[in-house]
1. Restricting things to Cα coordinates, could you compute the convex hull volume per residue of the stretch 24-156 in Å³?
2. Quick one: angle between helix 137-155 and the longest Cα principal axis of the chain, in degrees between 0 and 90, rounded to 10, please.
3. Which trypsin sites (Lys or Arg not before Pro) from the stretch 36-136 combine a DSSP loop assignment with at most 16 other Cβ atoms within 10 Å?
4. Evaluate E = 1/(1 + (r/R0)^6) for residue 78 and residue 35, where r is the Cβ-Cβ distance and R0 equals 41 Å; express this FRET efficiency to the nearest 0.05.
5. Could you grab the relative contact order for the chain? Cα pairs under 8 Å, six or more apart, rounded to a whole percent.
6. How far is it, in nm, from the label point at residue 125 to the one at residue 104 when both lie 7 Å from their Cα along the line to the Cβ?
7. Can you tell me the 0 to 90 degree angle between the C-alpha axis of helix 103-127 and the longest principal axis of the chain, rounded to 10?
8. Just the Kirkwood number for the stretch 1-74, please: inverse of mean 1/r across all distinct Cα pairs, in Å, one decimal.
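The values are calculated or read from the model by the stated rules, or taken from the named source; none is laboratory data. Quantities reported herein were computed from a predicted structural model and do not represent experimental measurements. Here the Cβ is made from the backbone with ideal geometry for all residues, glycine too, and neighbour counts use every protein chain on show. When the accessible area is computed, the model is the full protein with side chains, heavy atoms only, and any ligands, DNA or RNA have been set aside. Shrake-Rupley method; radii C 1.70, N 1.55, O 1.52, S 1.80 Å.
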Amino acid sequence: MSATKSQTKQIILIILGIIVVAGLGSLFVNLGMDWFGTLDRPTQWVPDIVIPIMWTIIYIIFGVILSRWVIKSSVPTSVYVWLIINGVLNVLWCLVFFTLKQTLGGNIIIVLNLIAGFMLWIEINKREPVYSYIIAIYPIWLSLATTLNTALWILN
């Protein structure tokens, strides 16, 4: 399968979108890491190294699957809409939680992100069930992140 010029442009836009979301999220997280280190955490916590690894895997999965989908057929507009909503909420959570140091605000946003993550998964599952099995890691990870965020909000 080789990509047409139009498909190549779409793939480039998808990859750039992922890079922007990951880059802005990382920037906002790094701005608040000193503060984050002072928070009380639950005894059951994911090792710090796991979090960036998981996000990297999730971003790569989205990049690969969306690129293959573009080449195979057309990605539905509803999937793009839910992708954008998820990207915005992801960046907004990083900003509010880490940079603005708002645990309650971050908790509200991550719950919305979790709902949007499941909506994205549902949209993908309707059209490409095989892709949805792979992308299921995203709402599962968001579920864990929401639980951890809620614990931080309660403890702090």
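1. Working: hull volume 12.8 nm³, N = 133.
It is 96 Å³ per residue.
2. That helix lies at roughly 20 degrees to the long axis.
3. In loop regions of the stretch 36-136 (DSSP not H, G, I, E or B), the sparsely surrounded trypsin sites (Lys or Arg not before Pro) are 101.
4. Details: r = 37 Å, r/R0 = 0.91.
Computed FRET efficiency for residue 78 and residue 35: 0.65.
5. Values: 138 pairs, mean separation 49.7, N = 156.
Once normalised by length, the contact order is 32 percent.
6. It works out to 3.4 nm between the two label points.
7. Here the helix axis deviates by roughly 20 degrees.
8. Values: mean 1/r = 0.0685 Å⁻¹.
Radius from the Kirkwood sum: 14.6 Å.
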